[in-house]
Structures are given as C-alpha cells and as structure tokens.
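Here, each number is a calculation from the coordinates, and none is a lab measurement. Keep in mind it's a predicted model, so treat the numbers as computed, not measured. Ideal geometry is used to build each Cβ from the backbone, glycine not excepted, and the neighbour counts take in all protein chains shown.
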Protein chains: 4
Amino acid sequence: MEEKIYEKVKEHIYKNDKLFEFLGAEITDMGEGLAEVEMEVKENHLNAAKICQGGVIFTLADLAFALASNSYGTLALAINANITYIKPVNLGEKLVARAQEFHKGKNLATYHITVFKKDTKEKVAFFEGMVYRLDKPFI
Amino acid sequence: MEEKIYEKVKEHIYKNDKLFEFLGAEITDMGEGLAEVEMEVKENHLNAAKICQGGVIFTLADLAFALASNSYGTLALAINANITYIKPVNLGEKLVARAQEFHKGKNLATYHITVFKKDTKEKVAFFEGMVYRLDKPFI
Amino acid sequence: MEEKIYEKVKEHIYKNDKLFEFLGAEITDMGEGLAEVEMEVKENHLNAAKICQGGVIFTLADLAFALASNSYGTLALAINANITYIKPVNLGEKLVARAQEFHKGKNLATYHITVFKKDTKEKVAFFEGMVYRLDKPFI
Amino acid sequence: MEEKIYEKVKEHIYKNDKLFEFLGAEITDMGEGLAEVEMEVKENHLNAAKICQGGVIFTLADLAFALASNSYGTLALAINANITYIKPVNLGEKLVARAQEFHKGKNLATYHITVFKKDTKEKVAFFEGMVYRLDKPFI
C-alpha cells in the first residue's frame, strides 16, 4: 500500500520544523486540509505573568496551519494570520490546536484553527491563517 | 534619581518571560508606549523549509508588544493580534521588532509592530496587537 | 406570551440601522448569539470592476454581527473586524450572512460570520468580529 | 502633458464605484500607492445607536484602499482587510481616510489606511488591507 502524500508531508514537517521540539508538540491527526497538534505547557513557555506566552499559543496553531496547508504536497506560504485570545492557560495544562480548511482556491487558501484545553475543552484561541499556494512540490 | 515605571516593567518582563531565552532576544529600546527587541535567527528557529518559522517572528513582535502595552505599569492583556508576513528570513539574519502605540484608551489600546532585518532594513512583517487594560498594577 | 429580548433588539436594529435600507437587506433568522441577514446585489452596490463592492459585503456581515452581539439586550460595541474575501459576487446574486457566537465573556465576545451565495451556497467571505460588552441596556 | 496612469485610475474608480455616491465621498489626494478620501456623516449612514455605522467607516477606508492599490494601473483584488475601531463618529462629522502603501511585492501588496476626523484629527479607525495583484491592466 502506497503512503499518502499527506503522510510524507507530516513526517517531513515533524522532523524538520524545530518548533515541535521547543513546544514539545505531537501531531495527533492529519489529512488533506486538516491537522491536529497537541502540547503541554512547561516552565519555558511562560510569560512574566506566569501564564502561557501568547507566542507559544500562536506557534502551536501555526504548526497545525502549516501541516494542513501543505497537506496536498504543494508548497503553501503563510501570508497573514489573525489570532484572538479567549482564555489564559496555566503551567501543566494540555493544549490542542485543530486546523480545518475553510477554503482552497488556485492561488490562495484559508484555514481556521481552534485552540482548546484538552481536558476541559474550553476554547483558548481562534486563529485564521491565509496562504499563498505555489505550483511546486513541498518536499 | 528615581527609576521610571517602564524601566521596572522592562526588567521584570526581561527576567520572567521565558521566550526571551528561546529567541535569544534583547531589549534595545523602551519607553512609554514603545519598545524595540532584537534577535538573531538560529538553527532552533527554523521551519521545515529551512527559513525562520512564522511563530518565531510572531513571538519577537509579541515581546515588543507586551513591553510597550505594559509600559505604563498597569496590566494589559493581549486580546487580538494580526500579522502579515512580507519576506522570508534566513538562518543567521538579525531581526528587529519595533512597537509603537497607535491608540490608548481607558479599556483598550492598540499597538503597531514592524519587524525588519537589522542589516538591510527590509520589512519582514507587520503586527497589529490589541490589549484589554486592567486597572491593576503590572508588577 | 412575552416577547423575547432578542426580538425587541431585532425590531429596533431593523427599524433604526439605516444600512438595511441601502443594502435592501432582510433579517431571516435571529436568536441569542445568532443572526442571519440576506440581500440581493443591485446596481448601486457595484464597484468599478462591476462586481459587488467589498464594503457592501462587509456591511452585510456587519449587520448580522450587530444583531448577534446585541441579542442579549445589553450594549455591544464593535472594536475589531477581520474579513477574508473568497469569491467575487455579481449583479443580481443573492447573499446570506450568518453570524454565530464563537465565545462570549464578561467584557468581550467574538462572532464568526460566513457570507455565502444563497443559490449555490458558495462561500463569499469570512468575517470575524469582536465586541466590547457594556453593562447597560441596548434599548 | 500626458496624464499619469493613477489619474486615469482615479477618474475611472470615482465614476464607476457606486459607493462614492452612497457615502457622498470625494477623492482629495491620489498618487502611486496612496490615496485620500473624505466624506460627511449623513442620516443614512447611522446605525441603531445613532452613530456612524461600522460598515460606512469600513467602506470609506476601502475606497482609499482600492484607489491606492490599483494606482499603478494593474488590477489589484482585495483578499483580506482588518479594521480596528477607535472612536465613534456622530452625525455631521467629517471623516478622512488616508491610504499608504506598506509593502508592494510581485503578487501581493499591503496598505495601511488611517481614518480620522477632519476637524479634530482624532483617530477613528485603522484598516489594514491586502491585495492579490494580477498581471493585467486595471482599465
């Protein structure tokens, strides 16, 4: 049985995107136009108010966005992202970022990523990302 | 001579926000409603395409945003951020994020952060951030 | 039987917001945290490229946003809106804007509005709106 | 003396974009990558709270955005816009929307539009707009 394109993209991104290591993130779902990534908030993710830094939440969503938007095997470059923060996250809490395709056109595509707490399902953030799609292979 | 409030905020954030360490970032300017932060792109900041990960650029801008929005000594919580990516950044390049206040109201304030390459001054990203201002001391 | 609060809000907004008249828009659904508005694109809604002007699409979404965010009977002020355009709309086409609450907190709330073509269901735009909620009656 | 391309674009948009008529807007400045548009808030621009409707403010900024982004004579399609509202506007007040180019690339360009009150210079809104640039003439 042949490996799906999105499986190759998943392995390539997981192995090469260095932010997975910093976040301690794992990919928990992946398909065409969708992806899910999880992490646990550690000491090195905290801001001066002792809650999870906004850039950490953004980066988790961004990993799901990168996976989903490149899942077809052609290169997608992020051009805009808009994040709304709903609720603070504490040390030790587990976060899930789930990316779903809102629309894919020839040159542009848009993804919606919801970040929530794994245990309580409470919404943490909403991230909308737009990519410019190139007609060249991702890997 | 008494220390300014924004100097205390600067020291507190620099010492306690763990993302300074991950980015290897330094604060190069700070005042009421403004801040500037710099970093150099290292191996651990790269994505699978071997360029600086979008979350790293966002986080650098976010640090400048946090410094500027908390500079008055009262607590400011980020509620929304919108980032537009202009140009990719390579390993070894130095980035500067400069935050300036666009408007400060009683409950809400907005900051504009421009990220550019230190050497060439080329624009890398534009980040607009909004905070909800609490009537309580930052530190 | 007593009239629901959201019914009063609906009547008040429909009667007093002058943009309903310019768009020729009708309210087709309304409840707590949700609303749907429809219109048909007329000559006076076109831009120089002879397609529906972006401000018209935004305003239709904005009416659904205003209805949904004020539906609890307490005043909600728009502070930010982000719109992504998916597909152009031609003269004579019918548009639907459907607003749903993403999150409602004490002081802030966020709404997602999808604009689509009534006949084909094709997505036209996605609008995310944030409000600041005041502790005072809408009407 | 030959007419500049941006002068032709200005005349074409002013004559054909029907929203100029609804807003009662005039173009007060125009050049490569920049434009300024003005209007006075009338009865038919008000929302249910008797202040200027958000869609009206957005549309004024959008006209300046359309002028600036099409000023080179090649077609630019709006793909995203983000607006932050700073201050309410009353009946009879005059608004100015000034668009400036933040960055112009081969396929994408970004514009910053500031909306302010003509008399007091108070900021009313900030609008960031992104276009997809086509390699075909605007007119």
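Odds and ends about this structure:
- Per-residue ellipticity at 222 nm, computed for chain C from helices alone with -39500 (n - 2.57) per DSSP H run of at least four residues, works out to -7000 deg cm²/dmol.
- For the range D:1-106, the calculated P(r) over all alpha carbon pairs, in 10 Å bins from 0 to the bin holding the longest distance, is 14, 46, 29, 9, 1, 0 percent.
- When only Cα pairs below 8 angstrom with a gap of at least 6 residues are kept, chain B shows a relative contact order of 26 percent.
- Amide H contacts of residue B:124 (H built 1.01 Å from N, in plane; Pro and chain starts excluded): B:115, B:116, B:117 sit under 5 Å, all sequence-distant by 5 or more or on other chains.
- Subset of A:104/D:104; B:123/D:121; A:118/C:94; A:106/C:104 violating a 31 Å alpha-carbon distance limit: A:118/C:94; A:106/C:104
- Computed as a quarter of the hull surface, the mean projected area of the alpha carbon convex hull for the range A:54-130 stands at 5.0 nm².
- Across peptide B:12-20, the mean count of Cβ atoms from other chains lying within 10 Å of each residue's own Cβ comes to 5.
- Within straight-line cross-link reach of residue D:10, aspartates and glutamates at Cα separation under 12 Å, skipping those fewer than 8 residues along the same chain: D:26, D:29, D:32, D:36
- Put the Cα centre of the range D:112-139 next to the Cα centre of the range C:110-133 and the gap is 22 Å.
- Each 20 Å bin from 0 upward holds the following percent of the Cα-Cα pairs of the protein assembly as shown: 22, 56, 21, 0.
- Of C:15/D:18; A:15/B:8; B:87/C:117; D:15/D:87, those spanning more than 29 Å from alpha-carbon to alpha-carbon: A:15/B:8; B:87/C:117; D:15/D:87
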